[in-house]
Amino acid sequence: MKLYYSPGACSLSPHIVLEEAGLKFEPVLASTKSHKLKDGTDYYSINPLGYVPLLELDDGKRLHEGPAIVQYLADQAPDSKLARPMARGSATSSRNG
Ligand SMILES: N[C@@H](CCC(=O)N[C@@H](CS)C(=O)NCC(=O)O)C(=O)O
């Protein structure tokens, strides 16, 4: 999976959760000022809302709300006990559809 992040932004919390959970991921720098990636890609083509964090799963599904992302990540590594399992539904449901 890929984490779209920007230094000093609220993408830090999913970044920490990914590291703590020991999950494999590719960090992708997305400027919150220019809304471009390093290779010049327009970040709005990835997240029409323009903000980080955004987590892209291996199946291409994209999650774009920080709290939903950290819950999803914690659920992927239950032994890490980073969060209680989601009581209802999943972090990938409706709001991130
Ligand atoms: N509702 C989003 C808000 C994310 C957000 O505001 N991200 C800021 C950085 S902390 C950002 O990317 N701002 C640039 C922009 O909105 O274009 C979440 O909770 O994840």
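Compared with the dominant principal axis of the Cα atoms in the chain, helix 12-21 is inclined by about 50°. Against the chain, whose longest principal axis comes from its Cα atoms, helix 66-76 is set at around 50 degrees. Computed about its Cα centre, the charge dipole of the chain is approximately 240 debye, with only Lys, Arg, Asp and Glu carrying charge at their Cβ.
Relative contact order of the chain: 28 percent, from C-alpha pairs under 8 Å at least 6 residues apart in sequence. Comparing 58, 75, 39 in a Gaussian network model of the chain (Cα springs below 10 Å), the most mobile by mean-square fluctuation is 39.
Normalised by 2.2 N^0.38 Å, where N counts its residues, the alpha-carbon radius of gyration of region 2-96 equals 1.05. When the chain is treated as a GNM with alpha-carbon contacts under 10 Å, the residue of 66, 22, 50 showing the greatest mean-square fluctuation is 22.
The aspartates and glutamates whose alpha-carbon is closer than 15 Å to the alpha-carbon of residue 24, local same-chain residues fewer than 8 away aside, are 56, 58, 59, 75.
Its residue count N fixes a reference of 2.2 N^0.38 Å for region 10-53, and the Cα radius of gyration divided by that reference is 1.24. So which of 33/61; 36/81; 38/81 end up more than 29 Å apart by C-alpha? Table pairs above 29 Å Cα-Cα are 36/81; 38/81.
Here, each number is a calculation from the coordinates, and none is a lab measurement. Since this is a predicted model, take the numbers as computed values, not measurements. Note that each Cβ is placed from the backbone with ideal geometry, even for glycine, and that neighbours are counted across all protein chains shown.
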